[in-house]
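Here is the structure we will look at.
The values are calculated or read from the model by the stated rules, or taken from the named source; none is laboratory data. Note that the coordinates shown come from a computational prediction; the quantities given were computed from them, not determined experimentally. So basically every Cβ, Gly included, is an ideal-geometry build from the backbone, and we count neighbours across all protein chains shown. With ligands, DNA and RNA removed, areas are computed over all heavy atoms of the protein, side chains included. Shrake-Rupley method; radii C 1.70, N 1.55, O 1.52, S 1.80 Å.
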There are 2 protein chains.
Amino acid sequence: MTTTSRKADAPTGDGRDPSRDGLRNRVEAHVLTHYEPLWRAVQRNRWLHRRTNAVLTDLAILKAPPRPNPLSTMAPYTSWPSLTDRSYVGRHLPPDTAPHPGRPAPERAAELFRREGAGETCHRSTALLPAFAQWFTDGFLRGHGRGGDPRRTDSPHTIDLVQLYGADEEVTSCLREFDGGRLKSRVVNGGEFPPLLCENGQIKAQFDALKPVRWEDVPEPLRDTVFATGGDRAHAHIGPMLVNVLFLREHNRIAGLLTRAHPTWDDERVFQTTRNILVVMTIRLVLEEYINHLTPYHFRFILDPTRTVRASWHRENWSTIEFSLVYRWHSLIPSSYRIDGEDVPLLHTLANGRLLEDRGMGPLFDDLSRQPAGRMGLFNTDPLLLPTETRSLEVSRELQVASYNDYREHFGFPRVTDLRQVSGDPVVREALYDLYTDVDELDLYVGIFAEDRRHGSLFGNLLGRIIGIDSFSEALTNPLLSPRLFTPATFSPEGMEILRRTRSLSDVVHRNLPEDDGRYLVSLGTKHARDAGDVRGGRAV
Amino acid sequence: MTTTSRKADAPTGDGRDPSRDGLRNRVEAHVLTHYEPLWRAVQRNRWLHRRTNAVLTDLAILKAPPRPNPLSTMAPYTSWPSLTDRSYVGRHLPPDTAPHPGRPAPERAAELFRREGAGETCHRSTALLPAFAQWFTDGFLRGHGRGGDPRRTDSPHTIDLVQLYGADEEVTSCLREFDGGRLKSRVVNGGEFPPLLCENGQIKAQFDALKPVRWEDVPEPLRDTVFATGGDRAHAHIGPMLVNVLFLREHNRIAGLLTRAHPTWDDERVFQTTRNILVVMTIRLVLEEYINHLTPYHFRFILDPTRTVRASWHRENWSTIEFSLVYRWHSLIPSSYRIDGEDVPLLHTLANGRLLEDRGMGPLFDDLSRQPAGRMGLFNTDPLLLPTETRSLEVSRELQVASYNDYREHFGFPRVTDLRQVSGDPVVREALYDLYTDVDELDLYVGIFAEDRRHGSLFGNLLGRIIGIDSFSEALTNPLLSPRLFTPATFSPEGMEILRRTRSLSDVVHRNLPEDDGRYLVSLGTKHARDAGDVRGGRAV
């Protein structure tokens, strides 16, 4: 990262000292974020694009030693149960058992995250980004703090859409129609929605297996608006709710299509084949739309199942506590949503299914795509979510998660010796100096959000690296992507064609709007929003 | 395989037509079973030995497409449950749904296995081979036929010594002392044995969790002699019982050693670390003693954890129905055991713990090492085990296991067009002609045991190939062998040293004989028995 490039893009980072970024890291970052014509040329050649895709994927993932990690959160030593009992959360580094008197209490550190007023906005991403991110990660970063034990999880440790289908057979069963492979649904104003979870404020008997998190916090009047769905956090706020409805519609759309194409298939086969398709569709959207939006590179990653055959990192995924911590992007969530021209406070979007039904799916995607997300970083979490920040820090301490500097070292960055190497923002540095006696004491959870964002990105070096390692190595080890499975036998010929044609969330939205034939903006990036400001009202993007 | 080499070693195979062995297969087999001085030279150089080991391991495993297999026995199509629910047995090939009117009924086909009289003996292996094989495979080829459903299994799908520790936490708990990391045991005549399962013919309350298979078939008088252990088939006969006692002793020996070396460790840590050591010790014995005994190659395979990093076959194991079928080596089991100079009929060795206590562990290992195994193949299964052969054929039909020829094709051999290409033995061919209308109808289970054994081996080409693929790819994907885990942190420095020093079953036996200081023959091969006929009574082998 050169001084020039930093200056060009880092409004808060003018004074950061890049001397501890590491030469190799700086060269790699520079090459990947410059020379756009060269990268465009690479991508024009199909073979070269695929090869480069493979090399850069390896480069991203092999910044960490390959799995299996020696420990989970079960015990501070390796045992057969710790290697096999996946109801414990994984971890990259062993517990740091040293005393840390130089660290602030969790609730004091959490104050570093507090947003004042409306907060700062992100220049790069829309409010659809945290909506999709939250929906997507609720599928595998699950259950920390369930029953008070942050070591346990019910994560499938891979992408299998439990947020839509539920984490076990019982949940899945209560959501299925058992006819034509469909999920239960309701039609409201011509559009399809999940069934309602409650009647007169009580969870319906048929949905007894569903256990929405923090149900006791959902106000009585809202309970009758909450959707019945597999994700126990899908009601958390309007963002994940919206994406979940989209995937419900896509499931039933494809199930109908397969039923027509394969009249001999029973309900079970249609249901399971549809799920296969939706899982891989999600992975494609994650890689080709979401990750490409997040990375500051000129190169665009592609989903290439043939490349996953030979790779030393290709080991079964096991979601880690570190991945969970670095993915808590509360600062991206705005304090109010602009819906149909009105500002709706965040609080009113929680567990409020009515909002979605009233506005309609297309218009709501459009709303979220036109509003910027919050700026990621310290001092930008809505006070409503501040208790969650405190809890994150408590969990980090309970599990003895190692320091920011230890993780820098583990993931291939030199240790920092001065806060100036973390942030160029004097306000951030001042606040950290007040709370931490030494840079070596810095909590991982604070450090990653204190980092200046890197050139063209939403976040800093270490956060970007951990996300890269754990996202790629999770998505690409999905069994459905292995060469013997990525075939029409697994997805049906119709499914292969659907997968081939799906390149963006916008594609999925626009084929699932029976209630109107409008064209809506569906975009993770604010750039598109500006470029395509006139798409509302029937014209194609 | 050249004509000369076949003649030299294949007493029943003189007339076999090798034209459908495949050129590449023949060249590989020839090179690996000839040029002994060259192979010896390769193994003298440490680097070359390791490289060759890696290349030959890849060669063996990559005769099949890498996992995941598209299907399990759950359904004839791929679904998320079928890819993740490991309580179903895996399978290499999809069900063969074609009708097969040209096949005999299972009980008729099973007659092909019937041994007349004492049966034929193996010129190469001792009775210790089936003992070890049965004990070892009972750890992962488990539960076909449980509750009548051959699709289900409680296999851990890897080597984790459930046959010693039990398949779940409840079973493990009832076997532990919860002191010093030890397993419960008893001392009889100065030697350590597992506790007795029963008192007055009833399973003791403390062992309620243990469910020995076919318990109703164990005669009343023998019940009080049966050992309490994790393996639900460990009582099946004297062979697996003996090996299980050995590993119990080794567990408690190492637990004692770790307790002394690490006084701060609690019972749990000692227990789990000991298990880690025993799992890898078993893998080493399997690779370096057992597999090297089985392969006809001049090259000796070694356990080399560093090599398991980069390999396209390195995917989590899932035990297959094919592996289970080809590993049913009933013909190796003699119809009577020569114990302390007396012939004990097979029937009297079933569920008879007393036999082991009375004879003593060292002498019994010696007995088994001096008696040849049965010849592997058709017409050589003791009538006592014939119902098991029938059941194997029934399971193979129920699960629609594809034909012998389909598996030849899948595993890299040309399809045979004539039975002469399977066996040179006119008696075998005649019997098959009588039962099968066409060579394409041949059951896998019959075909593999009808094959002439290959040069210097116990069995034929296809059986050897399937065993090679599934054994290597199971053993080497064990998480404890991954580079970040194969360290003193996982096994303790003492454990690493024990693993380094353990190269044979004989090593393990001789350090676990507190009741006498004799030296005994412990050998899978009859050659050693001849060479070392005089080791009994105190002298080193």
Loop-resident GluC sites (Glu not before Pro) in region B:32-123 with no more than 16 other Cβ atoms inside 10 Å, DSSP not H/G/I/E/B, are B:Glu116
Less than 10 Å Cβ to Cβ from A:His510, Lys/Arg counted +1 and Asp/Glu -1: what total charge do the surrounding residues give? 0
Can you give the convex hull volume of the alpha carbon atoms of region A:395-541 per residue, in Å³? 202 Å³
Among B:Thr349, B:Pro483, A:Val279, flag the residue with its Cα farthest along the positive direction of the charge dipole of the protein assembly as shown, charges on Cβ as +1 for Lys/Arg and -1 for Asp/Glu. B:Pro483
Between the DSSP loop rule and a limit of at most 15 other Cβ atoms within 10 Å, which trypsin sites (Lys or Arg not before Pro) in region B:136-207 are left? B:Lys204
On protein heavy atoms with a 1.4 Å probe, the accessible surface that disappears when B meets A, both sides summed and given to 100 Å², is 3200 Å²
Carbon plus sulfur, as percent of the 1.4 Å-probe accessible area of chain A, comes to 53 percent
Any residue on another chain or 5+ positions along whose placed amide H is under 5 Å from the amide H of B:Ser523 is listed here as B:Ser369
Loop-resident sites, region A:305-348, for trypsin sites (Lys or Arg not before Pro), counting at most 15 other Cβ within 10 Å (DSSP): A:Arg310
Phi angles of region B:503-517, converted by Karplus (6.51 cos²θ - 1.76 cosθ + 1.60, θ = phi - 60°) into ³J(HN,Hα) in whole Hz with x for Gly and Pro, give 10, 7, 4, 4, 4, 5, 4, 6, 8, 10, 10, x, 7, 7, 10
Lys, Arg +1 and Asp, Glu -1 on Cβ, resulting dipole of chain A about Cα centre, debye, nearest 20: 1980 debye
Charges at C-beta only: +1 for Lys and Arg, -1 for Asp and Glu. How large is the resulting dipole of the protein assembly as shown about its Cα centre, in Debye rounded to 20? 3560 debye
Relative contact order [Cα under 8 Å, 6+ residues apart], region B:220-371, whole percent: 36 percent
Once amide H atoms are built 1.01 Å from N in the peptide plane, which residues 5 or more positions from B:Ile339, or in another chain, come under 5 Å H to H? B:Val344
Which angle from 0 to 90°, rounded to the nearest 10, does the C-alpha axis of helix B:488-501 make with the longest principal axis of chain B? 70 degrees
Please give the charge dipole size of region B:244-382, origin at the Cα centre, charges +1 on K and R Cβ atoms and -1 on D and E Cβ atoms. Round to the nearest 20 debye. 480 debye
Expected 222 nm ellipticity per residue - DSSP helices of 4 or more, -39500 (n - 2.57), all of chain A, to 500: -12000 deg cm²/dmol
Relative to the isolated chain, which residues of region B:267-289 have their accessible area cut by 50 Å² or more in the presence of all protein chains (1.4 Å probe, heavy atoms, no ligands or nucleic acids)? B:Arg269, B:Gln272
Please compare each pair in A:Lys184/A:Lys204; A:Lys211/B:Lys211; B:Lys63/B:Lys527 to a cut-off of 25 Å on the Cα-Cα distance and tell me which ones are over it. A:Lys211/B:Lys211; B:Lys63/B:Lys527
Computed over the protein assembly as shown, the Cα gyration tensor eigenvalues, each multiplied by 5 and square-rooted, give semi-axes in Å (largest first) of 56, 33, 28
Rounded to whole Å², per residue accessible area for chain A with a 1.4 Å probe reads 37 Å²
Projected onto the charge dipole of the protein assembly as shown (+1 at Lys/Arg Cβ, -1 at Asp/Glu Cβ, origin at the Cα centre), which of A:Thr153, A:Pro305, A:Pro101 gives the Cα projection farthest towards the positive end? A:Pro305
Give the share of C-alpha pairs in each 20 angstrom bin for chain A, from 0 to the last occupied bin, in whole percents, shortest bins first. 21, 58, 20, 0
Between B:Arg484 and A:Arg51, what is the label-point separation in nm under the 7 Å Cα-to-beta-carbon projection? 3.1 nm
Buried on assembly, region A:61-95 (at least 20 Å² less accessible surface than by itself, 1.4 Å probe): A:Pro65, A:Pro68, A:Pro70, A:Tyr77, A:Thr78, A:Ser79, A:Trp80, A:Pro81, A:Leu83
Cα gyration tensor of region A:166-289, axes a ≥ b ≥ c as square roots of the eigenvalues: rounded (a/c below 1.5), prolate (a/b > b/c) or oblate? prolate
List every residue whose amide H lies under 5 Å from the amide H of A:Leu196, counting only residues 5 or more places away in sequence or on a different chain, with H placed 1.01 Å from N in the peptide plane. A:Ala228
With respect to the symmetry axis carrying chain B onto chain A, which residue of chain B exhibits the smallest Cβ distance to that axis, and what is the value in whole Å? B:Glu316, 3
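For B:Met241, B:Met496, give the ranking by accessible area with the largest first, probe 1.4 Å.
Highest to lowest solvent-accessible surface, that is B:Met496, B:Met241.
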Answer with one residue from A:Leu83, A:Phe365, B:Thr33: the one whose Cα lies farthest towards the positive end of the charge dipole of the protein assembly as shown, charges on Cβ with Lys, Arg +1 and Asp, Glu -1. B:Thr33
Evaluated at 25 °C and 0.890 mPa s, the Stokes-Einstein D of region B:22-113 based on the Kirkwood radius over Cα pairs, in µm²/s, stands at 138 µm²/s
With θ set to phi - 60°, apply the Karplus curve 6.51 cos²θ - 1.76 cosθ + 1.60 along region B:65-81 and write out the HN-Hα couplings as whole Hz, x wherever there is a Gly or Pro. x, x, 5, x, 6, x, 10, 10, 7, 5, 7, x, 9, 8, 9, 4, x
Determine the equivalent ellipsoid of region B:150-213 by diagonalising the alpha-carbon gyration tensor, then write out the semi-axes as square roots of 5 times the eigenvalues, largest first, rounded to whole Å. 23, 16, 12
